[in-house]
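The values are calculated or read from the model by the stated rules, or taken from the named source; none is laboratory data. Not measured: the values here are computed from a predicted model. In this analysis, Cβ positions are derived from the backbone assuming ideal geometry, glycine residues included, and neighbour counts consider all displayed protein chains. Accessible surface is based on the protein model in full, side chains and every heavy atom, while ligands, DNA and RNA are left aside. Shrake-Rupley method; radii C 1.70, N 1.55, O 1.52, S 1.80 Å.
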Amino acid sequence: SYDWRLDEVVGYGRYFIKEEDMTLEGKMAVGGRHSQPNQNGADREDELVAKPSLAFKWKINDALTLSEDLSSTIGDELVVTESLTSLTNKMTEKLSLRASLHAEHTNKVPAGTKKLDTVTTLNVVYDF
């Protein structure tokens, strides 16, 4: 477990699909990660990382949109993979309801800690 983690990366992205109702974008980045373990006296960890990612969006119909954002930050010591899956239902011109599942998997965790964290949310979204 960490008090904090900071990633700074630079990369390149492109669309593999770019249609009116569907997009798929891929990115590849490289950079550094700095992590501070929350153990007393532990030194800050610094490492080079690669960060591939995909972003998918599908407008199923005028009211319903499915999206998936998937990324992984890969270093020598630590690999963190994140997924955000969302289903958005447009109720009015400005108001939507969104259900989301965020999952984060970390390959190296302290004993007694789960490698997978999940958060499920239901949000009301107002578009400006």
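Things worth noting here:
- The selection criterion, being modelled with pLDDT of 95 or more, in a strand (DSSP E or B) and either β-branched (Val, Ile, Thr) or open to solvent by 40 Å² or more (accessible area, probe 1.4 Å) (or both), does not hold for Val80.
- Qualifying residue in the range 27-38 (condition: exposed (fewer than 12 other Cβ atoms within 10 Å of the Cβ) and not acidic (Asp, Glu)): yes
- Subset of the range 39-52 that is part of a strand (DSSP E or B) and open to solvent by 70 Å² or more (accessible area, probe 1.4 Å) - its residue that is modelled with the lowest pLDDT: Asp46
- Residue satisfying all of: in the range 83-120; of a type in the set (A, V, I, L, M, F, W, C) and within 18 Å of the chain's Cα centre (by Cα); surrounded by the most Cβ atoms within 10 Å (Cβ to Cβ) among these: Leu84
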